[in-house]
Amino acid sequence: MGRAGRSSGGRSSGRSGGFSSGGRSGGFSGGGRSGRGSASRQTRNSYPHHSPGYQPGYRRYRSGGSYGNAAITSPFSATTAVILIVVVVIALAFSAVAGNLGTGSNIPASTAHREALPAGMAQQTDYYTDELGWITNRSELTAGLKHFYQKTGIQPYLYIVDNINGNYSPTIEQLSSFARATYNQLFTDEAHFLLVFQEANGAYNCGYHIGDAAESVLDDEAISILSGYIGRYYTQDIDDEQFFSYVFRDTADRIMAVTRSPVPFVIGGIVLLLLVLVLFSWWKRAKAQRNREAEQLEEILRTPLESFDDADVEERAKRYQDKD
């Protein structure tokens, strides 16, 4: 059975009829699951259609391995401990800054300055169609989509399916064509962004259509950022509503700001670290010199005067008088 006549659970605000959109369509594929981890949701509605060998499943979270306790084999001196603490604190601080300002593990940097569309360009509609019964917390999901709308001026729309016209392993071209046709059915403006999320057989694929007006914001780099966040959150142990909400929220925040390079911060951290080490080394040398002078003075004071001849006593007394 094709897509005609399928129920959207009352959540679609679709329109039929004759609108032919401009804009741009496309798609991308995501990775599959290498194993069966713990489910992000306990139950889902049953799938109304099945392909041969189709196994409905959950997005899975791949947990990491266990960590042992490392034994300390030798004690640290106070000096070594201070140096290590300074190095670790500075390294962690600048690593955090670089991580926040850099490109992230698999998220492209945002290199373009983008202007949000003027308010009112998009005729406000609903935010999603869920054909699989994944979404049970509407407000959780729409929080991220509304944030995207506010930041970009583009109203997003999420369409969740398990097949494209009966195909559970659609090609990018099929996803793209379906997204364009669905956009024409749902919207009568060029300021929407439709994301079709299709998951089956342990992997996901995405198709999208961007309205003509929305293309000024959602360029190829912005779509790559969106794809990166989908890949990042897909394997995390979070609810489906949170998964989609986080993707749209973080995508909007990233594409509407130019990602600052972490290089100046890293260089600054290295310079600061070197300065701290130089100052610490100078302090240690000065302290050692003062200790040596104190030991020499104590040794002199403990030595009986009879052990020195008159000239030696006068010379030592003059030396320390001059120092005072």
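The values are calculated or read from the model by the stated rules, or taken from the named source; none is laboratory data. Being a predicted model, the structure only gives us computed values, none of them experimental. Here the Cβ is made from the backbone with ideal geometry for all residues, glycine too, and neighbour counts use every protein chain on show. Just the protein is used for accessible areas: all its heavy atoms, side chains included, with ligands, DNA and RNA removed. Shrake-Rupley method; radii C 1.70, N 1.55, O 1.52, S 1.80 Å.
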**Prompt:** Do you know which residues across segment 112-129 are touching a residue at least 40 places away in the same chain (Cβ under 8 Å) and part of a loop (DSSP other than H, G, I, E, B)?
**Reply:** 112, 113, 114, 115, 116, 117, 121, 122, 123, 125, 126
**Complete:** If we keep only residues of segment 218-239 that are in a loop (DSSP other than H, G, I, E, B) and hydrophobic (A, V, I, L, M, F, W, C), then the residue surrounded by the fewest Cβ atoms within 10 Å (Cβ to Cβ) is 238
**Prompt:** When you look at residue 105, is it assigned to a loop (DSSP other than H, G, I, E, B), modelled with pLDDT under 95 and more than 24 Å from residue 214 (Cα to Cα), yes or no?
**Reply:** yes
**Asked** Out of (1) surrounded by 23 or more Cβ atoms within 10 Å (Cβ to Cβ); (2) under 18 Å from residue 23 (Cα atoms), what's the single condition that is false for residue 129?
**Response** (2)
**Request:** Search segment 147-173 for residues that are among the aromatic types (Phe, Trp, Tyr) and pair each with any residue that is open to solvent by 50 Å² or more (accessible area, probe 1.4 Å) and part of a loop (DSSP other than H, G, I, E, B) when their beta-carbon atoms are under 7 Å apart and the residues are at least 6 apart or on different chains.
**Result:** 168/201
**Request:** Tally the residues that are in a loop (DSSP other than H, G, I, E, B) and either under 24 Å from the mean Cα position of the chain (by Cα) or at pLDDT 95 or above (or both), restricting the search to segment 201-217.
**Result:** 4
